[in-house]
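Readers should treat all values here as calculations from the given coordinates under stated rules, not as data from a laboratory. This structure is a prediction, so every number in the text was calculated from the model and none was measured. Methodologically, a virtual Cβ is constructed for each residue, glycine included, from the backbone with ideal geometry; neighbour enumeration extends over all protein chains shown.
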Amino acid sequence: MSEKALKFIFIINPSSGNQKLRNWEGLIEANLDTNNYEILYTRYAGHSSSILSNYNQEENLCIVAVGGDGTVSELVPTILKSKAFLGIIPTGSGNGLARHLRIPLNTAQAIRNLNTGKPRAVDLIKMNDHFCSNTCGIGFGALVTKHFGAKGQRGFRTYFKLALALYKTSQCFDIKLNNTVYKNVWLIEFANSSQLGNDAIVSPFASVTDGIADILIMNRPKPWQVPAFIVMVLSGTILKSGLSKLIKATELKITLNDDQHYHIDGEYMGLIKEAELKMIPSSLPILLPVQSNAITKKI
């Protein structure tokens, strides 16, 4: 990284999470130690790629995702094509990647951390043509995401209520990962980081710098098992459940017996029957708090 001071481009997703309208101009001016920045607002999904097209080759640039995991995911292709670093101000519903990386959830503190942050290289998952920075999944979790995205209200409480309602009619499926078939699968999550968001842990020992995807395979809990399942997810002990299985991989060919819902970084993507998954090690340069011990590899 050059010693030249960074220029910051804040990409703000005003519909991210359940946040109230904020005075971003005032917050950034009060907490960022430079006036070398711009603030850009997205108006629709995919808008960031077009509004950032003029910055692709600019050096010493930090593009800051102000939103959740979906906002980060949307910025990844631009970051990979440019010479920029990624910054994160977490304002989403779950903020799984930010929580894993120990980026402050307090907005002012997260902005101040950009002043002293150091760039680190983290892994990415690629599923077919889509990049994933946090988690992607097939089955029940993606089904909840489909309905969650359609709700006016977001947040953990809305997600929890939806999950309980959809559980009653949720179905299982068979999935083939490379040459191994897993039957009666309820959900499968391919994890780069340890959690989905809101401290819902899918793999407590996942690392974003090991070049390996942690894959949680879950069978459907019986109604009487649901409370214990919820506790295990939120306490990081889901791998102790007899319904769960964890495998690890760097590449997978995925084949399903029928079309299933899937998500990438908490954004519903539709139905899928086949996919190829591949890890891309140390590919995303991200500006992290100095005190974060979640990352050790410098750029």
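Listed as lacking a disulfide-compatible partner in the chain: 62, 172, by the criterion of no other cysteine Cβ under 4.7 Å.
Helix-only arithmetic for the chain: the sum of -39500 (n - 2.57) across DSSP H runs with n ≥ 4, divided by the residue total, places the mean residue ellipticity at 222 nm at -7000 deg cm²/dmol. Computed from point charges on the beta carbon alone (+1 for Lys and Arg, -1 for Asp and Glu), the dipole magnitude for region 130-281 about its Cα centre is near 560 Debye. Peptides 121-131, 179-189, 95-105 ranked from most to least packed by the mean count of surrounding Cβ atoms within 10 Å: 95-105, 121-131, 179-189.
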